[in-house]
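This report refers to the structure that appears directly beneath it.
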């Protein structure tokens, strides 16, 4: 079957409303809970509950169709499936009972449009003072950690950071490592690398630690990691601290200092990571940016960057990182 026919089949199955969401530049996620209501996450609107509803039978048909595209079958014994949708450059996650009450799924799209940092200022997500600080940090090749909870838009914001880095340093060589195709960079000298997990179809396995070791042999100016989840954090910190400044990464954490703690915990999963690691982290991580969900007056959720810290090292005597909190608004001179 041709790609065109496949796309037509997918579009008929999903229906006009979801297809329109798939084609919108501002929409990043689409999901259906057990109640069947279609939700979506928009860069411009935040989280939106639509009036469109899918029956359990329709949701199940969609899940089974995509599972079949990957030669998989969902059953009560195997009640979930995760796979890529290449024709839409998206990621699909489906679940059926007994792990959910009724069939439910989520589609996470790869960004069609990369929003510049200026757009984050325009919609109130980012203050002017924080914008100025981030631009200067990128220009000075500071290593940036973007932290936040699940679904806060860490990767989308990291794409904005990458766009600014490509504008500021157009001749730098960017090596970008990720599990799935989410990060995009406009720099003309960019190498993308992807982890490869054992999926039962091939014996090839490349984790993030292996990719980082390869990346450091590829003449990078900036090493960017989509998300670090394990001991690969140790290799990443060493790479940032040994001649490859100007990197960036995302990690799950609720605030800036917890982001540093999280990186430390992950790095310590590496068997070669001896000692406390705080000194290494204090040298390798220069900026931590926190993106959070906020509740809008109408009840919808949006995003806000309201915490940025500058890390200037680690004091072994006090056992504390040397931190400078960057105010959201520039302090007025008296």
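The values are calculated or read from the model by the stated rules, or taken from the named source; none is laboratory data. These figures come from a predicted structure and were not determined experimentally. All Cβ positions, even for glycine, are placed from backbone atoms using ideal geometry, and neighbour counts span all protein chains on display.
Residue 151 passes every criterion in (1) under 21 Å from residue 44 (Cβ atoms); (2) crowded, with 17+ Cβ neighbours inside 10 Å; (3) touching a strand residue (DSSP E or B) at 6+ places or on another chain (Cβ under 8 Å) apart from (2). Among the residues of the range 202-214, is there at least one that is farther than 30 Å from residue 81 by Cβ, surrounded by fewer than 15 Cβ atoms within 10 Å (Cβ to Cβ) and touching a helix residue (DSSP H, G or I) at 6+ places or on another chain (Cβ under 7 Å)? Yes. Which residues, counting only those in the range 1-24, are in a helix (DSSP H, G or I) and under 22 Å from the mean Cα position of the chain (by Cα)? Across the range 1-24, the qualifying residues are 21, 22.
Residue count for the range 25-49 under the criterion of being in contact (Cβ under 8 Å) with a residue 60 or more places away in the chain and either under 20 Å from the mean Cα position of the chain (by Cα) or assigned to a strand (DSSP E or B) (or both): the result is 15. Within the range 196-231, the set of residues being modelled with pLDDT of 90 or more and assigned to a loop (DSSP other than H, G, I, E, B) comprises 216, 217, 218, 219, 220, 221, 226, 227, 228, 230, 231.
Filtering the range 172-186 down to residues that are outside any strand (DSSP E or B) and modelled with pLDDT of 95 or more, which residue is surrounded by the most Cβ atoms within 10 Å (Cβ to Cβ)? Reasoning before the result, please.
We begin by selecting, within the range 172-186, every residue outside any strand (DSSP E or B); these are 172-173, 179-186.
Those left that are additionally modelled with pLDDT of 95 or more: 172-173.
Working: 172: 18, 173: 16.
Here the answer is 172.
For residue 66, are the conditions met, namely being buried (at least 21 other Cβ atoms within 10 Å of the Cβ) and at pLDDT below 95? The answer is yes for residue 66. Within the range 258-275, not a single residue is closer than 26 Å to residue 139 by Cα, surrounded by fewer than 17 Cβ atoms within 10 Å (Cβ to Cβ) and in contact with a helix residue (DSSP H, G or I) (Cβ under 7 Å, 6 or more places away or on another chain).
Taken as a whole, the structure places residue 107 among residues that are under 26 Å from the mean Cα position of the chain (by Cα), within 20 Å of residue 15 (Cβ to Cβ) and buried (at least 17 other Cβ atoms within 10 Å of the Cβ).
Within the range 232-250, the residues that satisfy the criterion of being crowded, with 20+ Cβ neighbours inside 10 Å and either more than 15 Å from the chain's Cα centre (by Cα) or in a loop (DSSP other than H, G, I, E, B) (or both) are 232, 233, 234, 235, 236, 237, 239, 240, 244, 246, 247. Candidates are the residues of the range 105-135 that are at pLDDT 95 or above and in a strand (DSSP E or B); the one that is farthest from residue 309 (Cα to Cα) is 105.
Taking the listed residues 182, 167, the one that is over 24 Å from residue 266 (Cβ atoms) and either more than 15 Å from the chain's Cα centre (by Cα) or not assigned by TED's automatic domain parsing to the domain that holds residue 29 (or both) is 167, with no other qualifying. Here the condition is being farther than 24 Å from residue 180 by Cα, in the same structural domain as residue 123 (by TED's automatic domain parsing), at pLDDT below 95 and assigned to a strand (DSSP E or B); of 312, 306, it holds for 306 alone.
Is there a residue in the range 71-85 that is without any contact (Cβ under 8 Å) to a residue 60 or more places away in the chain and on the phi > 0 side of the Ramachandran plot? Spell out how you get there, then give the answer.
Step one: filter the range 71-85 for residues without any contact (Cβ under 8 Å) to a residue 60 or more places away in the chain, giving 71-83.
Those left that are additionally on the phi > 0 side of the Ramachandran plot: 71.
Looking for residues that are without any contact (Cβ under 8 Å) to a residue 60 or more places away in the chain and on the phi > 0 side of the Ramachandran plot, one finds at least one in the range 71-85, hence yes.
From the list 102, 72, which residue is in a loop (DSSP other than H, G, I, E, B) and either surrounded by fewer than 16 Cβ atoms within 10 Å (Cβ to Cβ) or touching a strand residue (DSSP E or B) at 6+ places or on another chain (Cβ under 9 Å) (or both)?
On the way: 102 fails: either surrounded by fewer than 16 Cβ atoms within 10 Å (Cβ to Cβ) or touching a strand residue (DSSP E or B) at 6+ places or on another chain (Cβ under 9 Å) (or both).
Matching residue, one of 102, 72: 72.
Among (1) surrounded by fewer than 17 Cβ atoms within 10 Å (Cβ to Cβ); (2) farther than 19 Å from residue 25 by Cα, where does residue 45 come up short? It fails just one condition, (2).
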